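Student: Here it is: the structure, laid out below.
The values are calculated or read from the model by the stated rules, or taken from the named source; none is laboratory data. Computed from a predicted structure; not experimentally measured. Please note: Cβ atoms are built from the backbone with ideal geometry, for glycine as well, and neighbour counts cover all protein chains shown. The area values use the complete protein model at the heavy-atom level, side chains included, leaving out ligands, DNA and RNA. Shrake-Rupley method; radii C 1.70, N 1.55, O 1.52, S 1.80 Å.
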Amino acid sequence: MADLNVGEKPLRNISESFKALAATVNAETTAVEVAPFSRACSFISPLFGCLGIAFKFAEMDYVAKVNDLVESSKSIASLQVLVDKDIESDCVRKAGSHSRNLLRVKRGIDMVRVLFEQILITEGNSLRDPASKAYAQVFAPHHGWAIRKAVGAGMYALPSKAQLLRKLNEDEASARIFMQDYVAASAPVIQYVEKLFFSRDLGIDW
């Protein structure tokens, strides 16, 4: 992927949008609306692109699912209503359903959370260890052998941490703050989405 335009700050956008979502979740007074949720998730898309071929499959899948949620926000107000509409239509688990796409997007959010956690605690300039751990924890259990093998091979083509930060127009200090903010803010948002499924006896491993 080419470098972002001068002045673009994906990490800041990710951090600020998820802090706003977390504030809504933590207030427990209003439902999480599809529009701000899908907009926040769309800010993550450039990050997958910056990680190179190892996460190309994730980028393509994630972007498509986020776009579906963006489109659905024009007619569906909240994530709760989105899932309930699919339950009423008996299509929750069908390929292409909004609920199924929401679950896939949630995994993308979670993968980035673990990736940032690992980057923050890992010494050195290599992203291979943080990215491998994030993939193994979040995506690998849902992928077949062929995809896992392809991702493993792609890990050798990851940018260095310094190269990633350059692509994201950040220095080490600013990136660290935005990553910490995202890790903290994304956790309650992820839990909120999972609770939508668990409270309706749907589970999250499909």
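Student: Mind checking the full-extension length gain between SER199 and PHE57? Use 0.36 nm per residue of separation minus the Cα-Cα distance, one decimal, nm.
Tutor: Residue separation times 0.36 nm, minus the Cα-Cα distance, leaves 48.1 nm.
Student: Please compute the net charge surrounding PRO188, taking Lys and Arg as +1 and Asp and Glu as -1 over other residues with Cβ under 12 Å from its Cβ. Don't jump to the answer; show the numbers that get you there.
Tutor: Working: positive: LYS19, ARG113, LYS195; negative: GLU28, GLU194.
It works out to a net charge of +1.
Student: Separate question: Could you report the accessible area of THR29 in Å², rounded to 10, computed with a 1.4 Å probe on the protein chains as they sit in the structure?
Tutor: 110
Student: Of the heavy-atom accessible surface of the chain (probe 1.4 angstrom), what whole percent is carbon and sulfur?
Tutor: It is 52 percent, rounded to a whole number.
Student: With each pseudo-label sitting 7 Å past Cα toward Cβ, what's the ILE147-ASN125 distance in nm, one decimal?
Tutor: Result: 3.3 nm between the two label points.
Student: Please work out the average accessible area per residue across the chain, using the 1.4 Å probe convention, and give it in Å².
Tutor: That works out to 48 Å² for each residue.
Student: Among rounded, prolate and oblate, which fits segment 77-157 when a ≥ b ≥ c are the square roots of the eigenvalues of its C-alpha gyration tensor, a/c under 1.5 means rounded, and a/b larger than b/c means prolate?
Tutor: Oblate.
Student: Provide the FRET efficiency to the nearest 0.05 for the ILE87-THR30 pair, computing r from the beta carbons and using R0 = 22 Å. Let's see the in-between values first.
Tutor: Working: r = 21 Å, r/R0 = 0.97.
Step by step, r from the Cβ atoms, then E = 0.55.
Student: Take ILE177, project a point 7 Å from its Cα along the Cβ direction, then tell me which residues of segment 8-52 have their backbone nitrogen under 13 Å from it.
Tutor: Within reach of a label on ILE177: 12-13, 15-16.
Student: Now, a different point. Taking amide H atoms as placed 1.01 Å from N in the peptide plane, list the residues 5 or more away in sequence, or in a different chain, whose amide H sits under 5 Å from that of SER78.
Tutor: VAL34
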